[in-house]
Amino acid sequence: MSTEDVRVNQNPEVETEEISEEALSEQRQVRREKLKNLQEAGRNPFLVEKWDVTAHSQDIKDNFEAMEDQEVSVAGRIMAFRNMGKASFINIQDKQGRIQVYVKRDDIGAEEYQWFKKYDIGDILGIEGKVFKTKTGEVSIHATKVVLLSKSIQVLPNKWSGLKDQDIRYRQRYVDLIMNPEVQGMFYKRSRIIKEIKRVLEEDYGYLEVDTPILTTIAGGANARPFNTHHNTLDIDMKLRISNELFLKRLIVGGLDRVYEMGKMFRNEGMDRNHNPEFTSMECYAAYGDMELVIEVTEQVVYKAAMAVNGSPIIKYQGKEFDVTPPWKRIDMTDFVCEVTGIDFHNIADDETARAEAIKYGMDKNEVKNWTRGKIIAEMFEEYCEDLPGVLDGPVPVFVTGHPVEISPLAKRSEADPRITRRFEGYINGWEICNGFSELNDPIDQYERFAEQQAQLDAGLDEEAHPMDMDFVNALEVGLPPTGGLGIGIDRVIMLIADAPSIRDIILFPTMKSLDGVNKKNDVNNTASEAPEKNVKTESEKIDFSKVKIEPLFEEMVDFDTFSKSDFRAVKVKECVAVPKSKKLLQFTLDDGTGTDRTILSGIHSFYEPEELVGKTLIAITNLPPRAMMGIDSCGMLLSAIHEEEGEEKLHLLMVDDHIPAGAKLY
């Protein structure tokens with residue numbers, strides 16, 4: 001009986017420890033020897049090209065009465081193996097699930113059975129046989145032919161504990177899909193949601209699916225930081241697209257009246273449970289339509305996708321419920337800021353008065369000194385209104401309308417009030433899921449807005465400002481008809497409908513930081529089931545401190561009583577995100593052992609990306625008074641070590657052993 005035979009039959013209550021690295025290495029070596037023996041015997045599984053599959057596991061179970069005693073041909077991976085001498089039971093897993101197979105020596109031949117008994121968990125088999133039901137009532141296949149289609153020389157995770165480590169699950173999604181059936185279910189849901197969204201756009205509204213460039217020279221259509229690259233043949237710098245809006249509107253100019261594209265966008269920004277640098281977006285544009293049309297499209301796309309997958313308009317997400325039945329609620333941005341702050345911006349016409357009122361209400365004087373009235377309204381909405389309970393995260397979705405011109409460079413002005421635009425943003429669970437508007441088609445107005453945004457970009461006031469795009473202005477000069485445009489964050493919609501806690505759970509291969517250690521180059525672990533080995537002996541790094549310059553030690557002494565009042569604690573990073581509109585600040589959500597999350601901001605973004613700090617154990621001073629930074633209260637300070645090296649500041653955030661619990665006090 002093979003090692004795996006014993007392993008899969010162990011009692012889960014008895015088996016409490018993962019198999020050791022040494023044992024795993026031995027098993028891998030054994031598997032390689034088995035492969036070598038197969039190849040020397042002329043039975044190389046990697047020479048098999050195909051297998052005719054006529055049935056799948058769940059179909060056989062669901063249609064047992066019709067399929068009983070029928071010959072079927074199936075294929076799948078061995079997930080359990082029970083050898084009883086002259087006969088064996090195995091479970092194989094295919095795309096629909098698992099089914100039991102009864103393999104008897106007399107039915108497949110003595111020589112074939114001897115080879116069969118040496119097969120391992122993870123091997124892929126082709127099986128022919130008859131459908132039957134065992135004495136215990138389990139639908140099974142009585143094998144008449146067994147063929148090894150692929151040999152697994154890696155060891156799958158333990159049967160009982162499975163693959164639970166989140167980091168390894170994302171890095172080795174292929175193993176995650178094998179070991180966790182619900183993960184496969186999640187991606188089948190993703191596929192159905194995307195299919196339904198495309199169906200609604202094409203069949204209900206007559207949109208044509210198109211493709212536009214991913215590589216561009218101007219990253220336009222949104223305010224975001226792009227990824228940069230270089231085209232060697234043309235010898236030009238290029239960018240990965242942050243939006244496909246401007247290309248799609250060019251097609252409207254060209255006479256393709258309704259177009260859409262669903263595809264990958266790329267934004268070189270922070271990562272958290274709702275953000276991945278590479279994400280799926282859908283943008284659609286309708287000639288002779290307006291904001292009201294694309295609001296309707298938004299409602300129908302989300303409603304019908306929820307119905308197609310869950311059979312209900314009630315989205316159940318992480319214990320909360322949202323009814324996406326149209327029509328959705330609407331709130332005006334300026335009206336709501338006036339309601340919350342008491343500042344009547346409708347009757348404020350100039351920037352100076354708006355700044356004075358904002359500062360009086362509590363906004364930072366240095367931040368608002370260069371802001372316009374419209375910019376102040378948008379910032380006050382974001383700071384004082386967005387996070388109010390029940391506003392954007394209530395039981396029904398919300399459209400925020402009436403965005404100021406200053407933050408909407410591509411939207412048509414409102415005829416009733418030219419200070420605002422015909423724009424909307426849709427929110428569910430407090431998340432922005434869409435952005436749309438009646439498109440600006442005045443080329444002169446568009447040029448002026450681009451010029452203003454380019455000036456902010458050139459002055460370093462806003463690195464995400466929209467760059468000038470003269471070819472797009474030229475397209476508008478040719479003539480863009482009145483157009484309604486919409487962009488939907490597909491990944492967030494899928495998260496909500498599929499009840500996925502993180503965006504990484506609905507992206508097959510999410511962006512991950514490269515692994516450190518011996519396998520860093522190829523980002524590969526030593527096993528399919530274990531994290532990188534911690535005790536690998538590597539050559540010690542030789543560190544040159546000869547060019548290091550440190551700050552002089554303080555000469556003034558601090559008495560012990562004063563020092564002892566500082567409360568140093570171990571804290572664990574639950575979430576870390578880049579602070580919007582800040583190049584330096586990271587916002588940490590920390591477990592400090594009290595049961596209440598603590599927020600601390602730290603200006604270390606130039607040294608660390610937020611995703612690499614999640615899960616780390618840090619040191620913080622926790623009894624400092626709250627300090628407002630970018631409108632967010634920072635409750636404490638994280639400790640870092642700073643020095644200078646060849647005229648450049650270096651910083652190392654202090655990270656300690658993860659065995660130290662949250663809240664542990666430092667002495």
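Mean shadow of region 239-287, computed from the convex hull of its alpha carbons, in nm²? Working shown, then result.
Working: hull surface 14.8 nm².
Taking the Cα atoms of region 239-287, their convex hull projects to 3.7 nm² on average.
If amide H atoms are built 1.01 Å from N in the plane of the peptide, which residues on other chains or at least 5 residues away come under 5 Å of the amide H of A411?
HN-HN under 5 Å from A411: L440.
Mind checking the full-extension length gain between Y174 and D567? Use 0.36 nm per residue of separation minus the Cα-Cα distance, one decimal, nm. Show your work: numbers first, answer last.
On the way: separation 393, 0.36 × 393 = 141.48 nm, distance 4.50 nm.
Contour length minus Cα-Cα distance gives 137.0 nm.
Roughly speaking, what is the stretch gain from A349 to T599, that is 0.36 nm per residue apart minus the C-alpha to C-alpha distance, in nm to one decimal? Working shown, then result.
On the way: separation 250, 0.36 × 250 = 90.00 nm, distance 3.67 nm.
Extending this stretch completely gives an extra 86.3 nm.
How large is the accessible surface per residue of region 273-426, computed with a 1.4 Å probe and reported in Å² as a whole number? Kindly include the intermediate steps, with their values, before the conclusion.
Values: 6720 Å² over 154 residues.
Normalised by residue count, the accessible surface of region 273-426 is 44 Å².
Applying the Karplus parametrisation 6.51 cos²θ - 1.76 cosθ + 1.60 with θ = phi - 60° to the phi angles of region 286-303, what ³J(HN,Hα) value in whole Hz is obtained for each residue in order, glycine and proline being reported as x?
10, 5, 6, x, 9, 4, 5, 4, 6, 5, 4, 4, 4, 4, 5, 4, 5, 4
Mind checking the alpha-carbon convex hull of region 303-376 and giving the volume per residue in Å³? The partial results should precede the final answer.
Numbers: hull volume 11.3 nm³, N = 74.
Output value, Cα hull per residue: 152 Å³.
Show me, for region 41-55, the HN-Hα J-couplings you get by feeding each phi into the Karplus relation (A = 6.51, B = -1.76, C = 1.60, θ = phi - 60°), rounded to Hz, glycine and proline as x.
In residue order, the calculated couplings are 8, x, 10, 4, x, 7, 8, 6, 9, 7, 8, 7, 8, 10, 7 Hz.
Run the helix sum for the chain: -39,500 (n - 2.57) per DSSP H stretch of 4+ residues, divided by residue count, reported at 222 nm to the nearest 500 deg cm²/dmol. Spell out each step's value before the answer.
Working: 19 runs with 180 residues, N = 667.
It lands at -8000 deg cm²/dmol.
First compute the accessible area of the chain with a 1.4 Å probe, then give the percent of it belonging to carbon and sulfur atoms. Mind dumping the intermediate values first?
Details: 17150 of 34380 Å².
Ligands and nucleic acids excluded, carbon and sulfur reach 50 percent.
So if I take the centroid of the Cα atoms in region 397-424 and the same for region 190-264, what is the distance between those two points in Å?
Answer, in whole Å: 23.
Starting from the amide H of E645, placed 1.01 Å from N in the peptide plane, find each other amide H under 5 Å away whose residue is 5 or more places distant or on another chain.
Here the answer is K549, K650, since their amide H atoms fall under 5 Å of that of E645.
What ratio of Cα Rg to 2.2 N^0.38 Å holds for region 222-332? Each step should come with its number before you reach the end.
Working: Rg = 17.9 Å, N = 111, 2.2 N^0.38 = 13.2 Å.
The reported ratio for this selection is 1.36.
Show me the three semi-axes of the equivalent ellipsoid for the chain, from the C-alpha gyration tensor (sqrt of 5 times each eigenvalue), largest first, rounded to whole Å. Let's see the in-between values first.
Details: eigenvalues 536, 264, 112 Å².
Ellipsoid half-lengths, sorted descending, are 52, 36, 24 Å.
Provide Rg and Dmax in Å for region 323-434, with only Cα atoms included in the calculation.
Taking only Cα atoms of region 323-434, I get Rg and Dmax of 14.2, 44 Å.
Kirkwood Rh, region 589-667, all Cα pairs: how many Å? Let's see the in-between values first.
Working: mean 1/r = 0.0721 Å⁻¹.
About 13.9 Å for region 589-667.
Amide H to amide H under 5 Å from K584: which residues, 5+ apart in sequence or cross-chain, H placed 1.01 Å off N in plane?
Amide H to amide H, under 5 Å and 5 or more residues apart or across chains, K584 pairs with nothing.
List the longest stretch of the chain that has no exposed loop site; here a site is one of the GluC sites (Glu not before Pro) assigned by DSSP to anything other than H, G, I, E or B, with at most 11 other Cβ within 10 Å.
Values: sites that count: E13, E17, E49, E415, E539, E541, E555, E556, E646.
Longest run free of exposed loop sites: 50-414.
For region 54-112 and region 165-185, what is the separation of their Cα centres, given in Å?
Region 54-112 and region 165-185 have Cα centres separated by 24 Å.
What percent of all Cα-Cα pairs in region 123-220 falls in each 5 Å bin, counting up from 0?
Reading upward from the zero bin: 2, 9, 10, 10, 12, 15, 13, 10, 8, 7, 3, 1, 1, 0.
Once each part is reduced to its C-alpha centroid, what is the distance from region 290-359 to region 568-584 in angstrom?
28
Return one whole number: the accessible area per residue of region 47-90 in Å², for a 1.4 Å probe. Numbers along the way, then the final one.
On the way: 2570 Å² over 44 residues.
Computed with neighbouring chains in place, this is 58 Å² per residue.
Once fully extended, how much extra length lies between L624 and M637, figured as 0.36 nm per residue of separation less the alpha-carbon to alpha-carbon distance? Can you show the working numbers first?
On the way: separation 13, 0.36 × 13 = 4.68 nm, distance 0.75 nm.
Once the chain is fully extended between L624 and M637, it gains 3.9 nm.
Whole percent per 5 Å bin, from 0 to the bin with the longest distance: what is P(r) over all C-alpha pairs of region 380-451?
Percent of pairs per bin, in order: 3, 17, 23, 21, 15, 12, 6, 3, 0.
From the phi angles alone, apply the Karplus equation (6.51, -1.76, 1.60; θ = phi - 60°) to region 490-505 and give each ³J(HN,Hα) in whole Hz, x where the residue is Gly or Pro.
Values per residue, Gly and Pro as x: 4, 4, 5, 4, 5, 3, 5, 5, 8, 6, 9, x, 9, 4, 5, 6 Hz.
The values are calculated or read from the model by the stated rules, or taken from the named source; none is laboratory data. What you see is a predicted model; the values in this text were computed from it and never measured. Reconstructed Cβ throughout: ideal geometry from the backbone, glycine too, with neighbour counts over all protein chains shown. The accessibility values were calculated without ligands, DNA or RNA, using every heavy atom of the protein model including side chains. Shrake-Rupley method; radii C 1.70, N 1.55, O 1.52, S 1.80 Å.
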